[in-house]
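Structure first, then comments.
Derivation of every value follows stated rules applied to the coordinates shown; laboratory data play no part. Just so it is clear, the model here is predicted, and its values are computed rather than measured. Because the Cβ atoms are built from the backbone with ideal geometry, glycine has one as well, and the counts that use them run over all protein chains shown.
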Amino acid sequence: MSSAALECALEVRGVWKYYGDFPALRDIAFRVIQGSTVALLGRNGAGKTTLLRILAGLSKPSRGSVTIHGANVREESTRRRIGVLGHGISLYDELSAFENLRLFSKLYGIENPAKRIDEMLERTDLTRVRDGLVREFSRGMRQRLAVARVFLHDPEVLLLDEPFTSLDDRAIGVLQSLLNEMHARGRTIVMSTHQLREALEAATHVAMLQRGQIVHAGERQQEMLDDTGWLYRTYGEN
Amino acid sequence: MYLRQVLTIAAKDLRAEWRTREAFNASFAFMVVILVLFSFAFDPGNSDISIPAIAGGMLWIAYSFAAALTLNRSFARELQNDCLDALLAAPILASALFFGKALANFALLMVMEIVSLGVFSLLYNVKVLAQIWSLLLVIVLGTWAMTVMGTMFSALTVNLRLRELMLPVMMYPFLVVPLSAAITLTSDLLNGISFGAENILWLKVLVFFDVLFTSLVVLLIDVVLVG
């Protein structure tokens, strides 16, 4: 395998997704180099969530393929390397914080799970409610626990769908610090978002979706940070 | 590893059910109500009616109605907080996820059915202990058939608005033959007729459908869950 192939963390080849006759995604193709942080931008209905679900293996493309580190995303060994944060917190209300994380640590085959769980609970400032049921948690606590779940198995590729939406300030702080740490360790991050400021500050690359097509993909430019509306004015519709 | 994943999912479902008892309370109460209602239709004190002869039908109608209630909750529980996405993103086979849920459902249904068998015995004065091991074998085989098909249709209908209606509509046609076998065998056993030449075919039918349904699910569950 060439060194170039080794560096490719994620590759999308000619992906189409139809809902009935409606093409939600049209011929999407791009590569994400290992260690990149990609901000997936676009207006509501552009296809960001559909694309992220396909990248995460939660939905199959109608045409095309997705590989993560060269392997099919639905393979067990590939899924072990991915962390997915969707719109929901993906936690069980009837289980405690510790039981929720223990469930996922068992599914991911994490060694020494109790130590790792306690570490993540501490990072997200939830140690004092370790044995409390999730249904009794405040919204902010639930969101921080969801963040802990995603980072629990130390994924190599993170797929985050609107990660900052509806997070409280504390949870945003926790998530940003974990994302910075992941980026510093050469992990790959793809996140869709409407929070342009937070996303562009963290991103190394930007991809913009419009009506199911990528209309711009490339490195983040300084203009994007100076004026967050620039991207939509330059590449988007009115 | 596979078995560990199955048991992890089953333990999670049983723990969540133990904390809420949503499915158990509703299904068990429903099962008992059906058995009591039958006593109004078929007076247990009327000597013209042979209760053991119709006992199989009464029991399995109650079992299958209650099963639809329990099985409906199986995948619907995963919709809350989008938990199904996290399970599908985890490195486990779809069949391990399925069998974990099926195992939890099977355990719940077995507990309900055994307790309501006792209730039935008291209400209708039917002796169930004489052939209890054979009876338990039939209940295990019949319940597994219901569980496997019901859990699969629970996964298939989980995103439908009318899933409470759709699950029984889709599940019962598949269960006609195994339920007929279970009803015949249960009635025979409660009439004091042991397994033998005249009813062994029904036992084989029950085993055949258990194997068939289980194999079908292994083949189809990935498509059902991920599309």
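Residue by residue, what Karplus-based ³J(HN,Hα) values in Hz, rounded to whole numbers, does region A:181-195 have, using 6.51, -1.76 and 1.60 with θ = phi - 60° and x for Gly and Pro?
5, 4, 4, 4, 8, x, 7, 9, 10, 10, 9, 8, 6, 9, 7
Given H placed on each backbone N at 1.01 Å, which residues far from residue A:213 in sequence or on other chains put an amide H within less than 5 Å of it?
Under 5 Å from the amide H of residue A:213: A:26.
Tell me, what ³J(HN,Hα) does each residue in region B:3-14 have, in order and in whole Hz, if you take phi through Karplus 6.51 cos²θ - 1.76 cosθ + 1.60 with θ = phi - 60° and put x for Gly and Pro?
4, 5, 5, 4, 5, 5, 5, 4, 5, 4, 5, 5
Given H placed 1.01 Å from N in the peptide plane, which residues other than close sequence neighbours of residue A:64 have an amide H under 5 Å from its amide H?
Excluding prolines and chain starts, which carry no amide H, the hits are A:16.
Skipping prolines and chain starts, which residues have an amide H placed within reach, meaning under 5 Å, of the one on residue A:33, given they are 5 or more residues away or on another chain?
Counting only residues 5 or more places away or on other chains, the set is A:9.
I need to check one value: relative contact order of chain A, counting alpha carbon pairs closer than 8 Å and at least 6 residues apart, in percent.
Rounded, it is 27 percent for chain A.
Just how far, in whole angstrom, is region B:1-58 from region B:201-227 if you go by their alpha carbon centroids?
Result: 22 Å between the Cα centres.
Roughly how crowded by other chains is peptide B:2-10, in terms of the mean Cβ count from those chains within 10 Å of each of its Cβ atoms?
Mean inter-chain Cβ contacts per residue within 10 Å come to 2.
Can you run phi through the Karplus equation (6.51, -1.76, 1.60; θ = phi - 60°) for region A:93-109 and list ³J(HN,Hα) in whole Hz, with x for Gly and Pro?
With coefficients 6.51, -1.76 and 1.60, one gets 4, 7, 9, 7, 4, 5, 5, 4, 5, 5, 4, 6, 5, 5, 5, 8, x Hz.
Within 10 Å of each Cβ of B:89-98, how many other protein chain Cβ atoms are there on average?
For peptide B:89-98, the averaged partner shielding equals 5.
When the Cα centres of region A:176-197 and region A:64-106 are compared, how far apart do they sit, in Å?
17
What percent does the relative contact order of region A:1-140 come to when contacts are Cα pairs within less than 8 Å and at least six residues apart?
For region A:1-140, the relative contact order is 20 percent.
Have a look at the DSSP beta bridges in the protein assembly as shown and tell me what percent are antiparallel, nearest 5.
55
In region B:1-67, which trypsin sites (Lys or Arg not before Pro) fall in coil by DSSP and have 15 or fewer other Cβ atoms within 10 Å?
Within region B:1-67, the qualifying trypsin sites (Lys or Arg not before Pro) (loop, at most 15 other Cβ atoms within 10 Å) are B:21.
With each run of n ≥ 4 DSSP H residues scored as -39500 (n - 2.57), what mean residue ellipticity at 222 nm is computed for chain B after dividing by its residue count and rounding to the nearest 500 deg cm²/dmol?
-28500 deg cm²/dmol, from helical runs alone.
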